[in-house]
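Enquirer: Dropping a structure here in structure tokens format, bear with me for questions.
Bear in mind that the values in this text are calculations on the coordinates, not laboratory data. Model, not experiment: these values are computed from the prediction. When we count neighbours, we look across all protein chains shown, and the Cβ atoms used for this are built from the backbone with ideal geometry, even at glycine.
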Amino acid sequence: MTQVLPIFKREFFGYFRSPVAYVFLIVFLVVSSGLTFYVGQFFDARVASLSTFFTMQPWIYTFFISAVGMRLWAEEKRSGTWELLFTLPVRIREAVIGKYLAGWAFITTGILLTFPLLLTVGYLGDPDWGPIFTGYFGSILMAGSFLAVCSFTSAITKNQVISFVISVVINLCLVFLGWSVLTDLISFLPVSWIDALSNFSYSTHFEGFSRGMVIFEDLAFFLSLSFISLLLTVIILER
């Protein structure tokens, strides 16, 4: 795994060589703040909490992380540079891990740049910092799972738009499975079936983090989903 770090450095700093990365981060911050303060009615709640911010995140990630992940492999395949990459002394799994970690670090940078929200709730009241910090921890884990799914979808096509659409569909389904509205719509199904479906949802496993709880089952879900998605990426690229 000696090539993971060089690949990580090349890819991570490569994001910031393009103005698109800065536009992405700015739009991400504006959308996150806008949905929290206005759609989530942050000020009307009169509670020093970031619960509305965390509630919006799975929906935001569905589109923004899909936009980041769509280029992981689709662009390499389209331009033919991925074939050149593998003529070098680099194992496929090293390339997959390095590019994934770079994308995850870039997204984590965007998440951490929402720190003004922390300052806002701290200024407006006396928040319970436990759920806020576990919420951020869970948010970063969840973002990693979103991106791993995007890595897989990017590996199966040369077209970035197709990769984006497939990523959005898959991730949106994994968000919807834990949505209360969907649960009401499928209430005719046995309760055990509904519970089983919700166990495959980002929202279900992120909820504990946003409430200040770090549960092993939730950790295992995000880590397992990331591992399986990256494993599938390696298998596809090795074909």
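Enquirer: Working out 0.36 nm times the residue gap between Phe137 and Val23, then minus their Cα-Cα distance, what length gain in nm do you get to one decimal?
Expert: Between Phe137 and Val23, full extension yields an extra 38.6 nm.
Enquirer: Could you give the length gained on full extension between Leu223 and Lys158, defined as 0.36 nm per residue of separation minus the Cα-Cα distance, in nm?
Expert: Full extension of this stretch gives 20.7 nm more.
Enquirer: Moving on to the next point. Pop a pseudo-label 7 angstrom from the Cα along the beta-carbon direction at both Ile215 and Ser192 and give the gap in nm to one decimal.
Expert: 2.0 nm
Enquirer: What's the whole-number percent of alpha carbon pairs in region 108-179 lying beyond 15 angstrom?
Expert: Percent of Cα pairs beyond 15 Å in region 108-179: 65.
Enquirer: Among 213-219, 50-56, 152-158, how do they line up from the highest to the lowest mean number of other beta-carbon atoms within 10 Å?
Expert: The most tightly packed comes first, giving 152-158, 50-56, 213-219.
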